[in-house]
Structure formats: structure tokens, C-alpha cells
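Asks: What follows is a structure written as C-alpha cells; I'll ask about it next.
The values are calculated or read from the model by the stated rules, or taken from the named source; none is laboratory data. What you are looking at is a predicted structure, and each value in this text was computed from that prediction instead of being measured. Methodologically, a virtual Cβ is constructed for each residue, glycine included, from the backbone with ideal geometry; neighbour enumeration extends over all protein chains shown. SASA here: full protein model, heavy atoms, side chains in, ligands and nucleic acids out. Shrake-Rupley method; radii C 1.70, N 1.55, O 1.52, S 1.80 Å.
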Number of protein chains: 2
Amino acid sequence: MESIDTELAAKIRNDILVGNYDGGERLSEAQLCETHNVSRTPVRLALRLLEREGVIRRGEGRGYLVQSPSVEDIRQAVEVRGHLESLAARLMAQNPSRFDHLNNLKQAIEQIESAISELTKLGRLDDGITRQAQAANETFHSTILQACGNDYVGYTCEQISHLPMLAVGSMVFDRSVGDTPDHFERGMFRLRMGNAQHRVICDAIEKGDPVRAEGMMREHSHTMVEYIQTFEKQNESLTVADLIAYSTGHNEKKLP
Amino acid sequence: MESIDTELAAKIRNDILVGNYDGGERLSEAQLCETHNVSRTPVRLALRLLEREGVIRRGEGRGYLVQSPSVEDIRQAVEVRGHLESLAARLMAQNPSRFDHLNNLKQAIEQIESAISELTKLGRLDDGITRQAQAANETFHSTILQACGNDYVGYTCEQISHLPMLAVGSMVFDRSVGDTPDHFERGMFRLRMGNAQHRVICDAIEKGDPVRAEGMMREHSHTMVEYIQTFEKQNESLTVADLIAYSTGHNEKKLP
DNA sequence: ACAGGATCTTTAGGATCCCAAATCTGGGAA
DNA sequence: TTCCCAGATTTGGGATCCTAAAGATCCTGT
């Protein structure tokens, strides 16, 4: 467990993302002290943290203004992360020591494959299995970030990973309209397609083809952008809170 | 002027980058209070900031460990920033509202051009003129980051811009071996080459050719990586402090 | 003499206090 | 009635104090 300020920052961040504050609302240190029953010191530390994360901004004179990200913001951030991951894929394909990590990639692919099989047998989304698939997906993506040989790619990804859908390896399952067979089929297709892309990426990395690895990763990352756009078309008034509900990622533990 | 903690963070960061601390050295809050004559509160805020920047890391039990970036780290970070800028160039070339900012790009190119002329006439590096060129260069690059339509590209760039040579638009002049005519010529060639690339990028953006814009920007950014590698070959024991001395950027004001 | 534990010291986190600056409010003058 | 200035109040930054925990040290028992 981290110190209070970190979890405090998580709480406030969550409140902001979920939409408990109106955009542009001013929040004062004293108020936050009261509502969270802590002293001002951790509050100030948390505010500095959140300021650097960009979810709050300093007002002109005094006070902080909440800067709730919009769905468009999330889409943009996903675009950036995807671009960084494509760099990672290229670098890993050029990295002589890439073979040390190939097994991780292959294992992750197989785990996702078996999860797909189970889900297909089951005929519906099961929370445990989707979680397994998500964990394997995270392994796949974070392995590439780690094994690319450039620590700043991963570091830079982390800088925006506090936003919903931006934890590395987070996946999206469309739970918006319940478990109709149609939606299930579409979700399964996405999973199979995504894992097929994983295979191509892994193959390109193994063969040392940086261009193919980067291109495929770019395409792979782009699917997340497309999901968001699909959601936006389905649901005119899509909120960030909705995106949080659709996404599965290791940052979801912060979101009750 | 920001509050004390921000400049304190800048001071400590500078101390670390310049090499006043040994890598892995433990630094305590109390000690920093003494050396900088401030209370513990701003020190703690500064430490949190630096922790998030990655120049210090939390130790196991207590204390922070300085995590001085190596020259290789800088090279990696430059690589990441270049990749992000290439995304920005692509996005700007696709952005319908790009024409609003084209003039800024063209003006910056012309300013650099005239700076090159003056330097050529002068026959040596002049600090004022190089500064003008640097300012125009910064305008060029930050315009693209702003006009690309994706705020997170610029935001993410800023997250690593505290490192030397990583301020957006920072340029490098090789001042390592004095003002020999040979070095001057090489520097001028780099400037002309860089500005020629600027023209291509600007043209590609204007014509709406995202592939060309991205590719050229990638090449343009790569020159910085090459500079670093050149320096490394010239100077076996190249330090981060050396890189700071070579680079010109708007973050240099922090470095006395 | 060595090992283990108790105690002492150092250090970081949290709370509280003080101060300066900024905003708000009310009164007075034009 | 409106504008402006001065005092009151809010609010954020910095300093200081207290506490808990992690190391370090020393003492004691075997």
C-alpha cells in the first residue's frame, strides 16, 4: 500500500473521470480535506500529482479547475499510445535480444486462443475468462514495451495510463446492450482478429521485420480507436464513465 | 514565477543531470532542506515531482535514490519524442484546419533561412543568431504539435521535455572542439539540411500528404539521434552534462 | 565471541499553524 | 446610482510539530 496521497489522488481522479465533478468546477484544498477526512498535506501532494497528470489545472488566481477529459480526449490518448506501441514493436523487431522474450509473446497468444475457445464453447461472455484473456493481452503488450530496448517508450506510455482504456493491454468488451448473440459474435470476432494480429506481430518480430511489426501494431492499436468511434455512433451521448464500464484493464481496480 | 517547489525541483533536477550526485546516491529530505534553505514541505512536493519525472526513484525502505539518466537514456528519449513528432506531422497533414497554421511554419522556415545566411556571411557561430534560429525552430516544431489536433501528442512530449535536448525544438550545435572552420561547415550543413527537411514537411502538410509528412519528420527527428551517436564516437566518455552544453533549448534557462 | 533482541536514532508521512496574496464585500464619495 | 477603495475573509504556500516505522547500535545471554 502506498501512502495516503497516492490513493487520495486515485480517488479524486476517479471522481473526476466518473463525472462526479462538473467540468471546470473549482476544487479547494480545504473542501477535499473535509470530504476525505485527511489533512491538507496529502491533499496538496495529490493535487500536484493530478495537475501533472492533466486532469486538473491551476486556475488564474487560486484554486484548481477540474479538467475532465472528454471521450475525444480518450480517443486521442489511445491514438498516442498506439503510436508508441508501434514504435516499440519496430524497436523490438530490431533488437538482437528479442528472442529472450518471444516465448512470453507466444504464451500470451496461446492463452488468448484458449480463452477464445472456451468462450466460444460457452456461447456467452464469462467474466473470469475475459479476465484471463485481458491478463494475457496485457502480458503481450507490456512484454513488447519492455523488450523493445527503449525504456522511455514504456515510461511515456505510463504517463497517460491513468486514463480509462489506457492501461497497457486494456481490452474492450461491448457490454452496452446486454448479451445479445449478435453482440457476442461481434465481440468474438474482434478477439479472434486481435489475436491474429498478435500472431503477425510476433512473427514479424521473430523474423526481424521492423516495418511489418510496426505496421501491424499500428493497425492493431487502431482497432481500439475504431471501437470508440463505433460506441460514439451507437450512443450519441457517450460519456467517459461509459468507456470505463466497457473497458477492462489493470487500472480498473481504482474504479469501484 | 512559480512556487518554490517547482524551482526547487528544477534545481535538484539540474544537480542530478549535471552530475552533482553520484548515480544511486540516497538523498534525504532533511539534507535537501539544509542545502536549499527551505522547509520540508516544498522539498517533499519537489521530490514527488521528480519521482514522477523518473530522475529519482523510491528506495526500498526509505529515502530516494537518484536515477541519473545516461547518454543512452537521452538518446532513447529523443527517439521517442521524434516518433511522437512524426505522428503529429501525419495528423496535421490530415487535419482540415491545418491551413490556419501553415503561415507559422513558413515564417519559421524563412527565419531559419535568414539566420543561415547571416551565419554564412559571418563565417562563425554567433550566439545571438543561433538563438534566433533556435527560437524559429521551436516555433516550427511546437506549431506542428499544437496544430495536429491531438492534444495528447504535445502533452506526452512535455512529459519528457525536462531532460536535456528534449525541449521541443531544441537544436544542437557542436561546440566540443572550438570554432574550427571544419566544424563550422558541418554545423552549417546540418542547419541547411534541417531546414530543407522543414520545407518538405511543410509542403507535405500543405498538400495533405500524411505519409510523406510523417516520413520526413521521422527522418528529420532522426538527425538528433545521429548527432548524439556522432558525439559518442568523437568522445568516448561523453556525459549528459556535455550534451547539455551542446544543446540549445528553452529549458536551458534552468541550467546555470 | 557471537547471535539475537531491545533500544536508540534517523527519517518520512501526516497534522497543524502561520502568513501572504487574492477575492469578496461593504461603505463612502462623486 | 455607480464606482472605487479599504477591510474582511477565503485560500494556498511554507514552516513546524508529532508520530510511526525502518535502520543502526548496543547490550545481554549463551
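Asks: Do you know which residues across the range B:45-62 are within 8 Å of DNA strand D (Cβ to nearest atom) and open to solvent by 20 Å² or more (accessible area, probe 1.4 Å)?
Replies: Correct list: B:Glu60, B:Gly61, B:Arg62.
Asks: Something else now. Only one residue in A:Val168, A:Val153 is in a loop (DSSP other than H, G, I, E, B), assigned by TED's automatic domain parsing to the domain that holds A:Phe99 and either crowded, with 19+ Cβ neighbours inside 10 Å or of a type outside the set (Gly, Ala, Ser) (or both). Which one?
Replies: A:Val168
Asks: Let me ask you something else. Just checking, how many residues over the range A:12-34 are away from DNA strand C (no atom under 13 Å from the Cβ) and either farther than 24 Å from A:Pro164 by Cβ or surrounded by 13 or more Cβ atoms within 10 Å (Cβ to Cβ) (or both)?
Replies: Qualifying residue count, the range A:12-34: 13.
Asks: Working only within the range A:44-76, note down all residues that are of a type in the set (Ser, Thr, Tyr) and away from DNA strand C (no atom under 16 Å from the Cβ).
Replies: Within the range A:44-76, A:Ser68, A:Ser70 meet the criteria.
Results for (1) under 21 Å from B:Met224 (Cα atoms); (2) touching a residue at least 24 places away in the same chain (Cβ under 8 Å); (3) in contact with a Cys (Cβ under 8 Å, 6 or more places away or on another chain), shown as yes or no for each residue.
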residue: B:Arg75; (1), (2), (3): yes, yes, no
residue: B:Ile109; (1), (2), (3): yes, yes, yes
residue: B:Arg124; (1), (2), (3): no, yes, no
residue: B:Ser142; (1), (2), (3): yes, yes, no
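Asks: Considering the range A:63-94 alone, what residues qualify as being more than 10 Å from chain B (Cβ to nearest Cβ) and open to solvent by 30 Å² or more (accessible area, probe 1.4 Å)?
Replies: Answer for the range A:63-94, where residues must be more than 10 Å from chain B (Cβ to nearest Cβ) and open to solvent by 30 Å² or more (accessible area, probe 1.4 Å): A:Leu65, A:Gln67, A:Ser68, A:Ser70, A:Gln94.
Asks: Another question, if that's okay. Of everything in the range B:55-78, what is outside the structural domain of B:Ile12 (by TED's automatic domain parsing) and either touching a His at 6+ places or on another chain (Cβ under 8 Å) or among the basic types (Lys, Arg) (or both)? Give them in sequence order.
Replies: Result: B:Arg75, single match.
Asks: Answer yes if at least one residue in the range B:95-106 is within 26 Å of A:Gln159 (Cα to Cα) and within 14 Å of chain A (Cβ to nearest Cβ), and no otherwise.
Replies: Taking every residue of the range B:95-106 in turn, at least one turns out to be within 26 Å of A:Gln159 (Cα to Cα) and within 14 Å of chain A (Cβ to nearest Cβ).
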